[in-house]
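Beneath this line is the structure, given in structure tokens, with notes to follow.
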Amino acid sequence: MASIALKAVEKWFGAVQVIKGVDLEVNEGEFIIFVGPSGCGKSTLLRMIAGLEETSRGQIMIGDRDATAEPPSKRGLAMVFQSYALYPHMSVRDNVGFPLKSAGLPTDEIKEKVDEAARVLKLDAYMDRRPKDLSGGQRQRVAIGRSIVRDPTAFLFDEPLSNLDAALRVEMRYEIAKLHQALKSTMIYVTHDQVEAMTLADRIVVLDAGKIAQVGTPRELYERPANLFVAQFIGSPRMNVMPADQVSGTEVPAGTVHLGIRPEHISLIPDGDGHLHGIVDVLEYLGADTFVVTDCGAAGQITVRIMGDTDLKPGNQVSLQFSVPHMHFFDAEGLRT
């Protein structure tokens with residue numbers, strides 16, 4: 001287990017710069033998640049840490065050593081990919097133990113490490129099966145097991161759950177969270193799924209066009225986004241953002257151009273008082289919640305989250321009352337004011 005530090009790292013593909021001077025400290029035993037839209041550079045950054053992509057400029061430190069120029073085999077890292085990359089002709093036991101066998105470890109030591117990985121990942125009952133006889137979630141656990149036995153300095157996960165269906169994703173999120181608790185290893189995880197980021201990470205790194213937009217705990221990013229990009233990327237449904245001058249009955253800080261508020265911090269009241277007035281446009285019933293999309297004219301479409309069901313119908317006129325302590329204010333550049 002070791003810390004990992006990125007110092008002004010850059011990546012260029014020819015004349016195109018895809019990673020633009022990233023600085024980041026990952027503490028020993030920390031679970032860090034890179035998240036952002038497609039093309040933001042999160043997988044490229046992970047591959048640079050792994051040594052699978054050359055670092056154009058800057059330094060990558062693993063523990064107290066400069067690993068920038070080291071090949072992947074010297075970095076002591078284990079990487080789990082979106083594809084399971086299992087050997088179809090081998091049993092689960094042989095797949096998990098393959099890195100150790102390749103390294104020439106004694107048979108007894110291999111068996112001990114493989115059995116321990118199987119115990120941690122609850123694979124005991126599947127050790128004599130082949131990959132074709134396993135579910136997607138089980139195959140991904142085998143791929144993770146193959147990484148565990150190497151006793152790596154840190155684990156790198158590149159969208160490991162994206163091939164799984166919704167139910168298996170939930171199950172595997174739980175498995176990975178428990179794995180981190182058990183191993184207490186440094187983990188860096190890439191995903192485009194903010195639910196994975198919010199539920200798994202100690203800290204989240206939000207990337208935007210090759211730069212870090214914000215680093216913080218899930219709560220910090222949700223409650224105090226540094227800019228409009230983070231505000232609207234973190235949270236589902238995303239934060240409502242509107243021109244501040246369209247909202248009545250509230251004071252805004254100097255320099256404010258945009259006002260943001262999350263759907264759960266808006267109440268619908270009878271048409272009359274309120275910060276905004278609108279017409280119910282669409283109702284999205286999800287069982288525990290209903291999302292009410294309202295057309296608020298110049299303020300745009302505003303989504304309101306209410307618990308359970310509602311008697312509202314499309315076309316109803318409503319007033320929207322904001323929770324003032326939960327308002328967010330941003331300037332013309334999209335920065336928090």
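Data for the structure
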{"item": "Relative contact order computed over the stretch 27-94 (Cα-Cα under 8 Å; 6+ residues apart), in percent", "result": "20 percent"}
{"item": "Set Lys42/Lys184; Lys7/Lys113; Lys7/Lys101; Lys101/Lys132; Lys111/Lys178; Lys211/Lys313 screened for pairs whose C-alpha atoms are more than 32 Å apart", "result": "Lys7/Lys113; Lys7/Lys101; Lys211/Lys313"}
{"item": "Zero-based 10 Å bins, Cα pair distances in the stretch 261-337, whole percents", "result": "19, 50, 25, 6"}
{"item": "With at most 16 neighbouring Cβ atoms within 10 Å, loop trypsin sites (Lys or Arg not before Pro) (DSSP) excluded, longest segment of the chain", "result": "1-121"}
{"item": "Shape category assigned to the stretch 194-281 from the gyration tensor of Cα positions, a/c cut at 1.5", "result": "prolate"}
{"item": "Net charge of neighbours whose Cβ lies under 11 Å from the Cβ of Arg57, counting Lys and Arg as +1 and Asp and Glu as -1", "result": "+1"}
{"item": "Compactness index (Cα Rg / 2.2 N^0.38 Å), the stretch 1-90", "result": "1.15"}
{"item": "The stretch 118-218 - percent relative contact order, Cα under 8 Å, separation 6 or more", "result": "22 percent"}
{"item": "log₁₀ of I(q)/I(0) at q = 0.12 Å⁻¹ - the chain, Debye sum with one point per alpha carbon", "result": "-0.91"}
{"item": "Global geometry of the stretch 96-142, whether rounded, prolate or oblate, following the gyration tensor of its Cα atoms and the 1.5 cut on a/c", "result": "prolate"}
{"item": "Listed residues Met307, Met327, Met242, most fluctuating in the chain (Gaussian network, C-alpha, under 10 Å)", "result": "Met307"}
{"item": "Gyration tensor verdict on the stretch 7-151 (Cα atoms; rounded if a/c is under 1.5, prolate if a/b is larger than b/c, oblate otherwise)", "result": "prolate"}
{"item": "Residue-count net charge about Ala103 - beta-carbon cut-off 14 Å; Lys, Arg +1, Asp, Glu -1", "result": "+3"}
{"item": "Highest-MSF residue in the chain out of Asp64, Asp124, Asp158 [GNM, Cα springs under 10 Å]", "result": "Asp64"}
{"item": "Alpha-carbon spread of the stretch 129-177, three principal axes, descending order, Å", "result": "30, 24, 16"}
{"item": "Distance from the stretch 267-282 to the stretch 90-124 (C-alpha centre basis), Å", "result": "61 Å"}
{"item": "Around Asn240: net Lys/Arg minus Asp/Glu count, Cβ-Cβ under 11 Å", "result": "+2"}
{"item": "Pairs of Cα atoms farther than 20 Å apart, the stretch 120-266, %", "result": "59 percent"}
{"item": "Average Cα contact separation per residue, the stretch 79-130, under 8 Å, 6 or more apart, as relative contact order %", "result": "47 percent"}
{"item": "Per DSSP, loop GluC sites (Glu not before Pro) in the stretch 228-314 with at most 10 further Cβ within 10 Å", "result": "Glu251"}
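Laboratory data are not the source of any read-out in this text; all were calculated from the coordinates shown. Everything quoted here is computed from the prediction, not taken from an experiment. Note that each Cβ is placed from the backbone with ideal geometry, even for glycine, and that neighbours are counted across all protein chains shown.
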